[in-house]
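A quick write-up on the structure given underneath.
The values are calculated or read from the model by the stated rules, or taken from the named source; none is laboratory data. Computed from a prediction, not measured in an experiment: that's the story for all the values here. Positions of Cβ are generated from backbone atoms using ideal geometry, with glycine treated the same way; all protein chains shown enter the neighbour counts. Just the protein is used for accessible areas: all its heavy atoms, side chains included, with ligands, DNA and RNA removed. Shrake-Rupley method; radii C 1.70, N 1.55, O 1.52, S 1.80 Å.
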Amino acid sequence: MTQRRQPHCCPGCDCEQHTPQARREFLGTVGLSVISLAALGGTMLHGVTWASLSEENASEIPMPPARRALKVLPVFLYDQPQYHEAGSWRSWGGVQTQADAEQEKAAIAAEMEKITKEADFPIEFLPLVSGGDVNAILDPAVVEAADTILCWPAGGNVHGIEKFNKPTIFFIRHESGPISLWYEIISPRYLRQHGDSAAFETIRDDDVVIDDLSAVIWRLRGLCGLVNTRGTKILCVGGPAAWAQDAVATAETVKKLFQFELETIDYTEIERLVKEADADPNAVALAKERAAAYVAIPQTTLGSADTQRFDPSTIERCFMLDLIFRKLMVQAGCSAITINACMGTIMQVSKTTACLALSTLNDDGWLAFCESDFIVIPSGVLMAKITGKPVFLNDPTYPHDGIITLAHCTAPRKMDGQNHAPATITTHFESDYGSSPKVDMEVGRLTTNIAPDFGFKRWVGLHGKIVKNPFLPICRSQIDIEFTCDSQQLAERMPGFHWMTCYDDCAKELGYALRRIPITWEFLQ
């Protein structure tokens, strides 16, 4: 497929089409492409009316579903050797009797309670399974109900645990309790199977933890993010897209790798819903009420010195769009939404930009992305599902002198998941139209940043520290981040285009999860 190159951040935006006739022609083109993309799976929303969306709890503001708990199967393996004279009758290890085993079970129960208390993600432990051989004590039906296995191998036989095809973490004791036999032999006997290289793709050295319970927690955090990412249902307004890549091939790839379900809705449907909602006095009143409450948030400024075109009434239009999107996501069973042709068609349909609506959706825990760029969207879903915080899809610039500028017009204000950052509400930069938040993110805040490649083979990551909120003539929300890796190295290694950024240190969790997709995680330091 030949891609049309153009000097915009959104190469497929068709934002030069502004006339009513051109808009209608473009809507027809979009409709045809969406119908073909709908064949990739899921359903295509058609014939949904505002009356059906608002017939129950018309004034209710729908909120997203919570992350589901990671289901962990705890397994305790131990031996009960019997003494015999003049011969080696026991292996290494501090658990040798049933009494030792009972004490260890109590310690494991306390550790599971500690993990549950300290985890910042939902987790559910299944009943502890214990014995001497995983092949004898593990019921396939019980394992199937779990997302992951957490194994305390004091002794016994771990061989065969890989056949259950579940992510498995070994928590092995050196000094945290009775020393484990597998402290000695986990690598040569199991991971390498008496050879010199890794024997399994599914269970590797990074699945082994010695003594450090916090290292178990961050691994479980990564796995919780992964199981919540897989199967994510995403409503694609105008269909899925891909920055400078083939949209159909990209949609097929994310369905395969991440098991995404892509639900589509045509812009002709959105245009009709907007008109119907505009004719509903209750919906109009609710949009006005929510807009007034939003501009009353402390440190919210309207308009900016660089534009005379900002119209505060477009904020109300954004909250109308926000409400329509929420109700559509509930109707379709989706927890995320993407906007294709966000620099053109959506403005003409809604009489505002999608920028502020996407920002407010993200603030409330939905996942809402402009440009419908499915090259980068999986990274945002995974990072948000790991951290439980909003993420910022952005355009990177060229790294230099340990600094890179990241910018876009749709930043969340609650990047920490709780508090509204100061923001100026002004126009979307490229169109100088609608409402877009210029969010002043927290200076000094650590960020994790992902630069996904176009081929879903290699994601580059790095930590940054926000050092400045400039106001350059570029996309409205702008941060300069300082990084510690070499600038030339970053310039040479960064792939793709769009980045994803969050307020969290989740680099280890990302790498641990990505190995299972599989995508290589290249973290620059």
Inset, instruction - Please enumerate the residues belonging to region 120-141 that are under 21 Å from ARG230 (Cα atoms) and in contact (Cβ under 8 Å) with a residue 60 or more places away in the chain. - result: ASP120, PHE121, PRO122, ILE123
Legend entry - In region 80-114, the residues that are in a loop (DSSP other than H, G, I, E, B), open to solvent by less than 50 Å² (accessible area, probe 1.4 Å) and not aliphatic (A, V, I, L, M): PRO81, GLY87, GLY93, GLY94, GLN96
Inset, instruction - Filter region 422-449 down to the residues that are small (Gly, Ala, Ser) and in contact (Cβ under 8 Å) with a residue 60 or more places away in the chain, then identify the one that is farthest from ASN394 (Cα to Cα). - result: GLY434
Inset, instruction - Would you mention how many residues in region 63-79 are farther than 30 Å from PHE325 by Cβ and open to solvent by less than 30 Å² (accessible area, probe 1.4 Å)? - result: 7
Inset, instruction - Go through the residues of region 362-379 one by one and say whether even a single one is surrounded by 24 or more Cβ atoms within 10 Å (Cβ to Cβ), in a helix (DSSP H, G or I) and among the hydrophobic types (A, V, I, L, M, F, W, C). - result: yes
Inset, instruction - May I ask you to say which residue of GLU184, GLU162, GLU175 is part of a loop (DSSP other than H, G, I, E, B), open to solvent by 30 Å² or more (accessible area, probe 1.4 Å) and of a type in the set (Asp, Glu)? - result: GLU175
Inset, instruction - Pull up region 275-312, narrow it to residues that are β-branched (Val, Ile, Thr) and within 29 Å of the chain's Cα centre (by Cα), then point me to the one that is farthest from CYS475 (Cα to Cα). - result: ILE297
Legend entry - The lone exception for PRO127 - which of (1) over 21 Å from LEU223 (Cα atoms); (2) surrounded by fewer than 18 Cβ atoms within 10 Å (Cβ to Cβ) it fails: (1)
Inset, instruction - Quick one: count up the residues across region 215-236 that are touching a residue at least 12 places away in the same chain (Cβ under 8 Å), among the small types (Gly, Ala, Ser) and in a helix (DSSP H, G or I). - result: 2
Legend entry - Flag if THR427 is open to solvent by 10 Å² or more (accessible area, probe 1.4 Å) and in a strand (DSSP E or B): no
